[in-house]
Amino acid sequence: MQRTRLAVVGVGSLGQHHARILAALPGVDLVGVVDTNAARAQEIAAKHGTTVVSDAAALIGRVDGVSIATPTASHVDVALPFVDAGIAVLIEKPLASSLAEADRLLAAAKARGSMLAVGHTERFNPAVAVARPLVSSPRFIEVHRLGAFPERSLDIDVIFDLMIHDLDVLLSVVGSDVAAVEAVGVNVLTPKVDIANARLRFESGCIANLTASRISRDRVRKCRFFQHDAYISIDYAAQELEVYRLAPANGGRPVIQGGRIEVPTEEPLKRELADFVAAIRERKPPAVTGQDGRAALALATRIAELI
């Protein structure tokens, strides 16, 4: 097997895990890490047996792909040189700070034939993977993504930080355009929106109610699907899945049957990065494309503008 050369740009709270996983993936050489914090870059490089690269542009010609986990505002500037050079790029969500910047990246990738993947990690959650074949024409979806006040991602509001995970999952599962949106949000601890609720009506008739908060006491990551034949509940954090169905009884009252479905647990980020590496090696589209990332960003922007 030809080894795949990769690097990580941005090794903060999330990027450090990209470096950890890539350094351990079979057939992968972690060529280097880049970070504006030199001490941090040196620490992560030493931990994973790689080198510090002071300038991301110096990686061009030395790597087959790059994972970018820098602050959102820098995504387009960091990614474009790699895209223009025909190097595969994985950008952590959200894809960009604006739709205009996202379109610049997509246009460059199309012109150069470069692969562009977006890190919507929940798509790779094993519970989501097992649940997807069971979701069929949902009528109502309830989503709660609540967390304590973070030390990261305060450059963007909670819609782009947390809710966008669920927007991407819903767009991929429901398979219908969004016809109408209602939304409300409140900034509590920062100038940005810290808690938000959105109600989406899809053209299929499905209604989705989403709540995202980064000021809650408890950590909740749950999505529930209600459809004519089943109730499907996903716990993202625990990687647990429950499915219940109404079963007819012989001449009697119907009964509810079901319970927990077995899910093979695995780190979603590891699955995401393994998919990225496989896409590079097999010259195929990644599971979450740049267009997917733009679609989630467009819906998040629509919600933010209403708020």
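The values are calculated or read from the model by the stated rules, or taken from the named source; none is laboratory data. Because the structure is a prediction, the values reported are computed rather than measured. Reconstructed Cβ throughout: ideal geometry from the backbone, glycine too, with neighbour counts over all protein chains shown.
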Go through the stretch 162-180 and report how many residues are touching a Cys at 6+ places or on another chain (Cβ under 7 Å) and among the charged types (D, E, K, R). 1
Residue list for the stretch 237-268, restricted to those being touching a residue at least 24 places away in the same chain (Cβ under 8 Å) and among the hydroxyl-bearing types (Ser, Thr, Tyr): Thr265
So which pairs qualify, if the first residue must be in the stretch 195-209 and closer than 13 Å to Leu167 by Cβ and in the same structural domain as Ala180 (by TED's automatic domain parsing), the second must be polar (S, T, N, Q) and assigned to a loop (DSSP other than H, G, I, E, B), the Cβ gap must be under 9 Å, and the two must be at least 6 apart or on different chains? Phe202/Ser176
Cross-chain or 6+ apart pairs with Cβ under 8 Å, the stretch 37-65 first and assigned by TED's automatic domain parsing to the domain that holds Val9, then part of a loop (DSSP other than H, G, I, E, B) and among the polar types (S, T, N, Q): Ala38/Ser54
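Against the definition (touching a residue at least 60 places away in the same chain (Cβ under 8 Å) and surrounded by fewer than 22 Cβ atoms within 10 Å (Cβ to Cβ)), how does Val174 come out, yes or no?
The answer is no for Val174.
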Val255: under 22 Å from Ser136 (Cα atoms) and modelled with pLDDT of 95 or more, yes or no? no
For Ile261, which of the numbered conditions (1) aliphatic (A, V, I, L, M); (2) under 30 Å from Ala230 (Cα atoms); (3) crowded, with 19+ Cβ neighbours inside 10 Å fails to hold? (3)
Inside the stretch 13-37, the number of residues satisfying the requirement of being of a type in the set (Gly, Ala, Ser) and buried (at least 18 other Cβ atoms within 10 Å of the Cβ) is 4
Do you know which residues across the stretch 38-50 are part of a helix (DSSP H, G or I) and surrounded by fewer than 17 Cβ atoms within 10 Å (Cβ to Cβ)? Ala38, Ala39, Gln42, Glu43, Ala46, Lys47
Does the stretch 102-118 contain at least one residue that is outside any helix (DSSP H, G or I), at pLDDT below 95 and either under 23 Å from Leu162 (Cβ atoms) or not aliphatic (A, V, I, L, M) (or both)? no
Which condition does Val83 not pass, out of (1) touching a residue at least 60 places away in the same chain (Cβ under 8 Å); (2) buried (at least 21 other Cβ atoms within 10 Å of the Cβ), if it passes all the others? (1)
Given (1) assigned by TED's automatic domain parsing to the domain that holds Leu134; (2) in contact with a Lys or Arg (Cβ under 8 Å, 6 or more places away or on another chain); (3) touching a residue at least 40 places away in the same chain (Cβ under 8 Å), number of the condition Val288 does not satisfy: (1)
Restricted to the stretch 62-92 and to residues being assigned to a loop (DSSP other than H, G, I, E, B) and in contact with a helix residue (DSSP H, G or I) (Cβ under 6 Å, 6 or more places away or on another chain), the residue nearest to Val28 (Cα to Cα) is Asp64
Would you mention how many residues in the stretch 202-221 are loosely packed, with under 15 Cβ neighbours inside 10 Å and among the charged types (D, E, K, R)? 4
